[in-house]
Amino acid sequence: MTSQKPSSVLHQKLRELNSWDKIVRLDKYPVHDLESLAARKLIDAGRENMARLGAFEMPDFVTPAAIEALQLESAILEHSAFFKPVVGNPYLTPEDPGLPADHPNRMTETTRVGVIAYDQYPLDSLLRRIYEWDPLMNFVGKILNLPEIHRYADPMGGLNLSVMTKGDYLRWHFDQADFVTSLAVQSSTEGGEFEYAPLIRTTDNERYDDVRSVLKGDRKQVTTITNNPGTLVLFQGRWSMHRVTPVQGTKSRLMGLFGFDSKPGVMSSPHLYDIRYGRTTVAKEPPTFEDYDHARKK
Ligand SMILES: O=C(O)CCC(=O)C(=O)O
Ligand SMILES: [Fe+2]
């Protein structure tokens, strides 16, 4: 008996997911009909959560069949993730040697997370289809009360899959983007928890003492988000310091990250390309899942 190629098994699953109600739990999250009463209630709940916690968690956003397909396609791609440890502070800025050693600006940790870039995604990938689906983007824009919302224009940064394997860690940090939308694809057996200190700083108060306490292990301000597969999370990481605890066990932690912005044309810098993706040139055309079958045999 010949075993089927991973890409053939995946294509079979993807063919079955031929309408949005088979992919997204539209009964629970009617993002396709934003004017409906149910959608308006959901948007209100989202806005209330964002105001109070800087986060809105939507469990079971995608169907079990979609989760299965997302895990299958990620299993094909994850071996091509780029990993590079980066040492840094929570502000993702260079350290200021003029500040005391216990200032949060000088409290550094090492991050090691793998990433699959947008240009590594085949056109028929399910994660890509979900990211490029306008109703999802418009729904996110509504919750955030944005007059307009756009996908990043960046060919590598628009869509990312974060891949964390045994021992990987994402250090405490604040995001530089206004908000992040993530879709949990797979949980690790142990560790890999998303922890955050809700709204620990504001535009006019950095609250360095509180930030230092969290960095030193104080748990009073720390909350955890249970990222079960299929959970969509909207998160304002600019004001809430957050991290992903070290991953344990053999199963990788996989998280889709969707790049949206209130402005059109947002791009990443060549420096970010280099540290996050390990290259500065973008793939000329998208690969296919079959290309990955061949790459693994080499
Ligand atoms: O993987 C996650 O859950 C969060 C990722 C994150 O915080 C980031 O990429 O800035
Ligand atoms: Fe972050």
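Since every read-out is calculated from the coordinates, none of them should be taken as a lab result. Note that the structure is predicted; figures quoted are calculated from it, not measured. Reconstructed Cβ throughout: ideal geometry from the backbone, glycine too, with neighbour counts over all protein chains shown.
Quick notes
- Rounded to 0.05, the FRET efficiency of the S8 and E285 pair, given R0 = 25 Å and the Cβ-Cβ distance, is 0.70.
- Neighbour cut-off at most 12 other Cβ (10 Å), DSSP loop, trypsin sites (Lys or Arg not before Pro), region 144-220: K216, R219, K220
- Applying both filters, DSSP loop and at most 15 other Cβ atoms within 10 Å, to the GluC sites (Glu not before Pro) of region 191-298 gives E206.
- Close amide H partners of M156, meaning residues 5 or more places away or on another chain with modelled amide H under 5 Å apart, do not exist here.
- For region 94-104, 3J(HN,Hα) per residue [Karplus equation, 6.51 cos²θ - 1.76 cosθ + 1.60, θ = phi - 60°, Hz, x = Gly/Pro]: x, 5, 9, x, x, 8, x, 4, 9, 6, x
- Backbone geometry of region 124-133 corresponds, through the Karplus equation with coefficients 6.51, -1.76 and 1.60 at θ = phi - 60°, to 3J(HN,Hα) couplings of 8, 4, 6, 4, 5, 4, 5, 4, 8, 7 Hz, x marking Gly and Pro.
- Computed FRET value (nearest 0.05) for R296 with E68, which takes r as the C-beta separation and R₀ as 30 Å: 0.90
- Distance-filtered residues of region 227-268 - backbone nitrogen under 17 Å, label point 7 angstrom along R129 Cα→Cβ: 230
- Here region 74-105 is scanned for amide nitrogen atoms under 17 Å from the site 7 Å beyond the Cα of K216 along Cα-to-Cβ, giving 90, 100-105.
- Packing, as the average of other Cβ atoms within 10 Å across residues, places the peptides 87-96, 106-115 in the order 106-115, 87-96, highest first.
- For the chain: rounded, prolate or oblate by the Cα gyration tensor [a/c cutoff 1.5]: oblate
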